[in-house]
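Notes for the one structure printed next.
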Amino acid sequence: MTYNETEILIKKYLNGETTAEEEKLLAREVAREDVPDDWKVIAGMLGELTVDEALFDQMMAERKTKPRIVRLWPWVAAACVAALLIVFLGPPREETVSQPQIAKVECESHSDIQVEETEIKAVEVKATEPKEQDTGQSAVNPQQTRKKKHKASVSRRIAKEDQEAPALRPVEERDAIPYEDPQIQFAVQARTLRERGNRVIQRVSINGLPSNNYQLNDL
Amino acid sequence: MTQEEFEHIAPALRELMLSVGRSFFGNDDDAEDVAQEGLVALLRFIDRMESGVRHDALAIRVAKHCCMDMVRKRKSSPILALQASKGRAVSGKMHGDVAPPGCDTGASPHEHLEAKELYEAVNEAVKHLKPSERRLFEMRQIEGLELDDIVKQTNIAKPSIKSIVSAARKKVFAEIKERLRT
């Protein structure tokens, strides 16, 4: 309210024409600091009840219009702690095998031979006929000549086995043999792998294929 | 109103004051303080309170005054504010030691003295009014009754009430100005 408006309201008050709401409004104005002396007298006449009621209503109105600041971080922190507690303190999951898992697949074709073929092919042995060499050279490298002969024999054998090996077919569901116990499944698979590995080793050692360790080859 | 009549209506008035205090402070401890201070203040007005009349409006005004009084005291005294935050009761009086409204209790002693002088001048000027003028003046100023309510209670016509109240206020205003000038 402006100064003039307050003065008009004071005159209305002294004439007994103000309502309760107008008197509360007047009380808010005259109760401020640094007001004229006449206004202080009016404040005294209005009385502490009227002035305090006006201030009370003003404060309550300001609280309603003031936006409430809601802090979310305590709730987020509590939710994180609760989630962590549930994860770490919750009961362990019981792993139940609802369906028997597929343990191995037996194909009609010989899978061992397939594995050995890939092993041998990775070496890249080329079947070559021993060429006629000078007597001087053959005398100098008899070892190399023997190695070449071995390679040629191995490659012939592989080619023969390729012809003999039946055609591969894709794995079907009927090939699957389910296992009831996962431990037995694992043991069987491990044994199978071991056996394959032993066969590969035997094959390599029988055929005398050179290894990657060239120092051992000379021994 | 007699003390027995006041004791009869005190529980209902206390509930009103509790609700006012709870809505303002938001906790029951401070609301209990408001209700306690309010009942004590109303007890001082018992002589002026008429029997057979509802004093709900007066009780609410007194409760609001007690709330503001507590706020002023906490502002002036950090210790009281700390005690209030811990839920302890804050005692105070409606009259006497409490500075009148419009004067912050944190004000200088001179301002506090000025406010007290004004307060006493108003009381003295009201005492010098005629009984009819004083009654209507207090009904408007203290009880906060509207003209219609005063008409119902006094059976006086509204224009008459207006003129009587106007005359009373002008007298009080002039006397206070004279008193403060001297």
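Computed from protein heavy atoms with a 1.4 Å probe, the total accessible area buried between A and B is close to 2900 Å². For the stretch A:3-65, the residue among A:Asn15, A:Gly44, A:Ala54 whose Cα projects farthest onto the positive side of the dipole built from Cβ charges is A:Ala54. In this structure, the residue pairs whose Cα-Cα separation is over 26 Å, taken from A:Lys66/B:Lys64; B:Lys64/B:Lys158; A:Lys40/B:Lys73; A:Lys24/B:Lys75; A:Lys24/B:Lys73, are B:Lys64/B:Lys158.
What FRET efficiency would be calculated for the residue pair B:Ser76, A:Ala61, taking the C-beta separation as r and a Förster radius of 30 Å, to the nearest 0.05? According to the calculation, E is roughly 0.80. Here r is the Cβ-Cβ distance between B:Ser108 and B:Ala10 and R0 is 41 Å; the resulting FRET efficiency, rounded to 0.05, is 0.60.
Under Stokes-Einstein, with the Kirkwood radius over Cα pairs as Rh, the value for the stretch B:108-182 at 20 °C and 1.002 mPa s is 161 µm²/s.
Using Cβ point charges alone (K and R +1, D and E -1), the dipole size of the stretch B:108-182 about the Cα centre works out to roughly 400 debye.
Cβ-Cβ distance of A:Ala78 and B:Arg22, R₀ of 30 Å, FRET efficiency by 1/(1 + (r/R0)^6): the value works out to about 0.65.
The values are calculated or read from the model by the stated rules, or taken from the named source; none is laboratory data. None of the values given here were measured: they were computed from a predicted structure. When we count neighbours, we look across all protein chains shown, and the Cβ atoms used for this are built from the backbone with ideal geometry, even at glycine. All accessible areas refer to the heavy atoms of the entire protein, side chains included, with ligands and DNA or RNA removed. Shrake-Rupley method; radii C 1.70, N 1.55, O 1.52, S 1.80 Å.
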